[in-house]
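This report refers to the structure that appears directly beneath it.
The values are calculated or read from the model by the stated rules, or taken from the named source; none is laboratory data. Not measured: the values here are computed from a predicted model. Here the Cβ is made from the backbone with ideal geometry for all residues, glycine too, and neighbour counts use every protein chain on show.
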2 protein chains.
Amino acid sequence: MIVEIVSTGTELLLGQIINSNTAYLAKRLNELGYDVLFQSTVGDNRIRMTQVFNTALERADIIVTTGGLGPTQGDITKEVTAGILGRGLYLHQPSQKQINDFFACRRIKMTENNLRQAMIPDGALVLPNKCGTAPGIVLETAKNTIIHLPGPPYEMEAMFEASVVPYLEKRFGSQGVIYSKVLRTIGLGESSLEEEIIDLIKRQGNPTIALLARSGEIHIRLTGKASSVQEAMNLIDGVEQVIRQRIGQYIFGVDDEALELVVGRMLKGKRLTVSFAESCTGGLVSSRITDIPGSSEYLVGSVVAYSNAIKSAIVCVDDAILRTYGAVSREVAEAMATGARSRFKSDIGIGITGIAGPGGASTDKPVGLVYIALAGDAGIECYEHRFTGQRSVIKSRSANAALNHLRQYILQL
Amino acid sequence: MIVEIVSTGTELLLGQIINSNTAYLAKRLNELGYDVLFQSTVGDNRIRMTQVFNTALERADIIVTTGGLGPTQGDITKEVTAGILGRGLYLHQPSQKQINDFFACRRIKMTENNLRQAMIPDGALVLPNKCGTAPGIVLETAKNTIIHLPGPPYEMEAMFEASVVPYLEKRFGSQGVIYSKVLRTIGLGESSLEEEIIDLIKRQGNPTIALLARSGEIHIRLTGKASSVQEAMNLIDGVEQVIRQRIGQYIFGVDDEALELVVGRMLKGKRLTVSFAESCTGGLVSSRITDIPGSSEYLVGSVVAYSNAIKSAIVCVDDAILRTYGAVSREVAEAMATGARSRFKSDIGIGITGIAGPGGASTDKPVGLVYIALAGDAGIECYEHRFTGQRSVIKSRSANAALNHLRQYILQL
């Protein structure tokens, strides 16, 4: 069953709102086993909306729409599809009553235009709206099914779960399931990663394999199609094992496990504490670590040491080292790591110094040069990175790298 | 000029990511006077992508695409349009060199598949990518213009501003302008703000007035339509003055001026330095401050003082105060502010302590209780907040509030 999602609304064409409805519907429909192959957006214009629906009726079995069911003159979605199918509209008594009740219960005066929402195409199914006034509408023809849902996300989502899911199940039966698992990697570029598993990608079938770059991480998405979740998981397991054998050291987590969550879990598991001396990341690593509930168990504290004075005063970096090697150097990163560790009395200390740009660079020290050092019982390690991009990107990549080095440091303990 | 935005990528059809690129492009193209009338999304499938492009070529003058320019086998956007237009692809030497340099500069091994990104359709214009490896591509025919942009938002946005805007101006001239100005407010809720200017909203014409809630801020967007930017700005000026007379103290900046930028500018202007002792915000305030280039001029340093031990060791909070009032208290926030100020030798010290949740609450100290104190020559001030929402929301709201209190503190100096 091929699905097209059609969003209507001039505010989408103007870029005034981001279309989150389509992502919600696409995700849920895929999970239910439907193939969402097209997504379209069109404004509240009768001619162009007719064009878009005619195209959709040809290439999709099911069309799910959002928006344009409201009370105003601009809300024309159901009039347009009724027109295409040659159906009239009538005042649907139960919907009229529901709209009356909605206003009465809120003690708001109902205006006449609200009754436009109770106008229903002949022969349509009506889906009740528990969170608002516009009912949903299902139009069936010999070839197509059109499902009209309201635009406000919470009304749309509630109606989808309460009415559309049971409707689809009853009308089309189970479509099997599509189950996805994401392997999150860091430390290997997209193209290098692809090269490691290019043979698997080329002969992929079920599950499918997709690579996605996500703010410094590369995600490998495995998607299996089967008659049950368990069966789909089994399909994925086979490919996952092969991938892990090849590039397991770069995979830090799955699905929605953020790097800071994984690192936090490892620290907790080994009863280790950590502290940071951050220069170019300016507190970003500590902020990400503390995004995780319970992080106070392993983060002792951190210092944002922007100036040389603070590097020496708070984390005891020797003035001579600063003078000899400069603030952005391997030696200072290591002194910051050692200094943080002893100052905060943590098991591991991490020092980060670099040039986030756009200013501060010199010929031998370009924007994006970042040193990350780790100090602990296993000794001192220091890594040099050369990141590109604007300031925020360099900060974010540096934070990712620091968290990943910490992960690898703990792994070897 | 009619524009269609085409997004490619299976991850969009699966609903794994929300399509924010389309909103960005739609907004900018509308501002430049282009009519975005259609938006389409299709997966990385040759047949269906060809269908979608053929439809777009018929109904739009300009097609702007995002995604599918990467190095992998799934990246086929430019091959598909080159195929439709009957053009071959060749290895574009400058792009090849740029990709080589990109990897050399980062000291990463470049793999063979990266050169796919340097393959350019015959007769195409090439748009350089300053933030990544995939160049943009412009294909011109007698009737249409196709502009291919990369998928990662920061690469796409940078390329749009640096190359596409001048290209459109040069090729098509001015389209008349839609000019928007955003007044950014903080400290007043959306409905209270609306009440202050409801009469203006009700009788709006040109410019239009829209209120938008944006992560703790309320934005007032004024949009004027005119034949020149100057004319549109004049229209906006009139309404802006009335709004500023009524709620000026809540407006901290305009357009893309983030709170941290405005505060940084104020600190710089008054030659003041600042330091933070962050508990519940975990480094987020410092990270935001350091997002601004040149922030080293006014941020001396910060400490993330999660534990009581660090609160007393690094910013000298008296153990007795911690014991008597508890770590989340007005008294401790004030001691942290004073301690940070003297420890870091800054003009202003700021202490933030609170309960970000979900754990750590007690009956009299609920999740979301946050104290923010400021210490400086003007004396000590402390504010109590009660935020709601999940951990990340409470952190973010606390950071907003801290920056806004700092703004107000500087204003009175």
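Taking the condition of being under 24 Å from A:Q51 (Cβ atoms), touching a residue at least 12 places away in the same chain (Cβ under 8 Å) and facing chain B (nearest Cβ under 8 Å), how many residues in the stretch A:8-28 meet it? The number of residues fulfilling the criteria is 6. Does B:I348 fit the bill of being surrounded by 18 or more Cβ atoms within 10 Å (Cβ to Cβ), away from chain A (no Cβ under 12 Å), within 23 Å of A:V285 (Cα to Cα) and not basic (K, R)? Criteria not met by B:I348.
Output the residues belonging to the stretch B:274-311 that are part of a loop (DSSP other than H, G, I, E, B), more than 7 Å from chain A (Cβ to nearest Cβ) and small (G, A, S).
Taking the stretch B:274-311 and keeping what is part of a loop (DSSP other than H, G, I, E, B), we get B:279-283, B:290-294, B:298, B:305-307.
In the following step, the residues that additionally are more than 7 Å from chain A (Cβ to nearest Cβ) were identified as B:279-281, B:292, B:298.
Scanning the stretch B:274-311 gives a single hit, B:S279.
Highlighted here are the helices (runs of 4 or more DSSP H) found entirely within the stretch A:164-241 that include at least 2 residues which are of a type outside the set (A, V, I, L, M, F, W, C) and more than 14 Å from every other protein chain (Cβ to nearest Cβ): A:165-172.
Which condition breaks for B:V393 when tested against (1) closer than 22 Å to B:L261 by Cα; (2) of a type outside the set (D, E, K, R); (3) touching a strand residue (DSSP E or B) at 6+ places or on another chain (Cβ under 8 Å)? Looking at each condition in turn, B:V393 falls short on (3). Any residue in the stretch B:377-389 that is out of contact with any strand residue (DSSP E or B) (no Cβ under 7 Å at 6 or more places or on another chain) and either within 14 Å of chain A (Cβ to nearest Cβ) or within 17 Å of B:T281 (Cβ to Cβ) (or both)? Looking for residues that are out of contact with any strand residue (DSSP E or B) (no Cβ under 7 Å at 6 or more places or on another chain) and either within 14 Å of chain A (Cβ to nearest Cβ) or within 17 Å of B:T281 (Cβ to Cβ) (or both), one finds at least one in the stretch B:377-389, hence yes. Please work out which residue is farthest from A:F387 (Cα to Cα), limiting yourself to the stretch B:68-92 and to residues that are at pLDDT below 95 and among the polar types (S, T, N, Q). Filtering first and then ranking leaves B:Q73.
Taking the conditions (1) part of a helix (DSSP H, G or I); (2) surrounded by 24 or more Cβ atoms within 10 Å (Cβ to Cβ); (3) within 12 Å of chain A (Cβ to nearest Cβ); (4) among the β-branched types (V, I, T) in turn, B:I314 satisfies each one other than (2). Just to verify a result, which residue in the stretch A:376-395, among those that are in contact (Cβ under 8 Å) with a residue 40 or more places away in the chain and within 33 Å of the chain's Cα centre (by Cα), is surrounded by the fewest Cβ atoms within 10 Å (Cβ to Cβ)? Filtering first and then ranking leaves A:E384.
Scanning the stretch B:38-68 for residues that are touching a residue at least 40 places away in the same chain (Cβ under 8 Å), within 12 Å of chain A (Cβ to nearest Cβ) and over 12 Å from B:V6 (Cα atoms) yields a total of 1. For the stretch B:61-70, name all the residues that are in a loop (DSSP other than H, G, I, E, B) and either surrounded by 24 or more Cβ atoms within 10 Å (Cβ to Cβ) or not assigned by TED's automatic domain parsing to the domain that holds B:Y167 (or both). Those that are in a loop (DSSP other than H, G, I, E, B) and either surrounded by 24 or more Cβ atoms within 10 Å (Cβ to Cβ) or not assigned by TED's automatic domain parsing to the domain that holds B:Y167 (or both): B:G67, B:G68, B:L69, B:G70. Being among the charged types (D, E, K, R), under 18 Å from A:I314 (Cα atoms) and either within 23 Å of the chain's Cα centre (by Cα) or at pLDDT below 95 (or both): is that true of B:K311 here? Spelling it out, B:K311 is indeed among the charged types (D, E, K, R), under 18 Å from A:I314 (Cα atoms) and either within 23 Å of the chain's Cα centre (by Cα) or at pLDDT below 95 (or both).
Take A:A335 and decide whether it is more than 14 Å from every other protein chain (Cβ to nearest Cβ) and within 18 Å of A:S302 (Cβ to Cβ). Please lay out each step first, then the result.
Numbers: more than 14 Å from every other protein chain (Cβ to nearest Cβ): yes; within 18 Å of A:S302 (Cβ to Cβ): yes.
In short, yes.
Mind checking whether some residue in the stretch A:247-265 is over 17 Å from the mean Cα position of the chain (by Cα), over 17 Å from A:Q408 (Cβ atoms) and either modelled with pLDDT under 95 or more than 10 Å from every other protein chain (Cβ to nearest Cβ) (or both)? Within the stretch A:247-265 (the criterion being over 17 Å from the mean Cα position of the chain (by Cα), over 17 Å from A:Q408 (Cβ atoms) and either modelled with pLDDT under 95 or more than 10 Å from every other protein chain (Cβ to nearest Cβ) (or both)), the answer is no, since none of the residues qualifies. Among the conditions (1) within 14 Å of chain A (Cβ to nearest Cβ); (2) under 28 Å from the mean Cα position of the chain (by Cα); (3) farther than 20 Å from B:M49 by Cα; (4) hydrophobic (A, V, I, L, M, F, W, C), the only one that B:A134 does not satisfy is (3). When each of B:P153, B:P128, B:P207 is tested for being crowded, with 21+ Cβ neighbours inside 10 Å and touching a residue at least 12 places away in the same chain (Cβ under 8 Å), the lone residue that passes is B:P207. Of the residues making up the stretch B:74-123, those that are within 14 Å of another protein chain (Cβ to nearest Cβ), surrounded by fewer than 16 Cβ atoms within 10 Å (Cβ to Cβ) and not in a helix (DSSP H, G or I) number 3.
Only one of the numbered conditions (1) in contact with a Gly (Cβ under 9 Å, 6 or more places away or on another chain); (2) modelled with pLDDT of 90 or more is not met by B:I197, and that is (1).
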